[in-house]
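Here the structure is laid out as structure tokens; the discussion comes afterwards.
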Amino acid sequence: MSLQLESVTVTVPDGRERLTILNDVSLSVEPGEVVALVGPSGSGKSTVVAVAALLLRPDSGTVTVAGIDAGNASARQRTTIRRDHIGVVYQSANLVPSLTALEQVELVAHIDGHLDRKARARAEELLAGVGLGDRLDSRPGELSGGERQRVGIARALMNSPEVLLADEPTAALDADRGAMVMDLLVEQATNAGASTLIVTHVPDQVRADRQITLDHARIIERTTTVVA
Ligand code: ADP
Ligand code: MG
């Protein structure tokens with residue numbers, strides 16, 4: 001099991017009380033599996049992603065990433081686990097305006113401390129995989145929204161993550177482009193064998209193996225298979 005949340009509860013201060021924004025949430029995603037996380041706005045979806053990405057430490061419960069119990073890890077250890085084992089695709093691609101598509105993806109290897117010819121070849125291969133093999137030298141300003149998101153997908157896969165997280169990755173795209181980007185994401189994630197959790201407001205768009213529904217901080221429904 002590459003990603004496992006067990007009885008995760010998250011609260012935030014709310015005046016003199018605390019507001020529960022995740023209430024006893026348990027989920028796991030197997031290697032090669034794609035799970036869609038759906039639910040109304042404010043139900044806690046992004047909080048699940050933040051906990052799984054080790055950006056937010058839950059009040060209670062356990063988080064296991066790539067077999068590592070991350071619950072008790074220090075901030076520095078969590079950063080290392082994230083760098084080595086987790087890829088994240090954001091709602092908008094969050095690219096660096098001054099860098100080319102190739103440089104955005106290579107940057108992951110820079111941070112890792114080993115940018116070499118192999119890393120460049122991998123970045124090129126990933127960009128070709130998302131259909132941008134001929135746009136390596138384009139900067140974000142020269143790319144469409146869908147193309148920028150595809151760079152974001154390639155970047156998220158650069159560290160060969162066991163766990164791939166995406167928070168409404170097609171929210172900024174029109175329906176047709178969104179469907180294309182989502183297909184690419186699922187295809188690349190499956191090829192990579194990653195445990196993939198995709199938050200979406202358009203569940204029909206995701207060819208997921210399973211679907212989990214959140215409402216008011218709790219999981220209210222789980223499907224075993226999704227036919228999309
Ligand atoms: P979703 O992604 O499903 O829209 P979120 O996970 O972003 O939901 O948020 C769940 C709920 O928790 C919302 O009501 C939101 O306002 C609240 N919330 C999230 N983060 C914080 C925070 N840091 N402080 C206070 N409230 C928060
Ligand atoms: Mg959200």
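Accessible surface computed residue by residue for the chain, with neighbouring protein chains in place and a 1.4 Å probe, gives 48 Å² per residue.
Peptides 140-146, 188-194 ordered by packing proxy, namely the average of other Cβ atoms within 10 Å per residue, highest first: 188-194, 140-146.
For SER195, the residues whose amide H sits under 5 Å from its own are GLY32, VAL163, LEU164, ignoring neighbours fewer than 5 places away on the same chain, with H placed 1.01 Å from N. Only Cα pairs within less than 10 Å get springs; with that Gaussian network setup on the chain, which residue of PRO169, PRO40, PRO31 has the largest fluctuation? The residue that fluctuates most here is PRO40. Computed in the context of the full set of protein chains, the accessible area of the stretch 3-223 at 1.4 Å probe radius has 47% of its extent on carbon or sulfur. Taking the longest Cα principal axis of the chain as reference, the axis of helix 175-192 is set at about 90 degrees. Nearest 10 degrees, 0 to 90: what angle lies between the long axis of helix 75-85 and the longest principal axis of the chain (Cα atoms)? Rounded to the nearest ten degrees, it is 50. Dipole magnitude for the chain: computed about the Cα centre from +1 point charges on Lys and Arg Cβ and -1 point charges on Asp and Glu Cβ, it is near 500 debye. Distance from the Cα centroid of the stretch 1-79 to that of the stretch 185-210 is 18 Å (rounded to whole angstrom). Which of the listed residues, THR100, LEU126, GLN211, is farthest toward the dipole's positive end in the chain, when Lys, Arg count +1 and Asp, Glu count -1 at the beta-carbon? Toward the positive end, the furthest listed residue is THR100.
Helix content alone sets the calculated 222 nm mean residue ellipticity of the chain: runs of n ≥ 4 DSSP H residues at -39500 (n - 2.57) each, divided across all residues, give -10500 deg cm²/dmol. Estimated translational diffusion coefficient (Stokes-Einstein, Kirkwood radius over Cα pairs, 10 °C, 1.306 mPa s) of the chain: 89 µm² per second.
The values are calculated or read from the model by the stated rules, or taken from the named source; none is laboratory data. The model shown is predicted, which means the values in this text are computed figures rather than measured ones. Quick reminder, even Gly has a Cβ in these numbers, built from the backbone with ideal geometry, and neighbours come from all protein chains shown. In case anyone asks, the SASA skips ligands and DNA or RNA and just uses the protein heavy atoms, side chains included. Shrake-Rupley method; radii C 1.70, N 1.55, O 1.52, S 1.80 Å.
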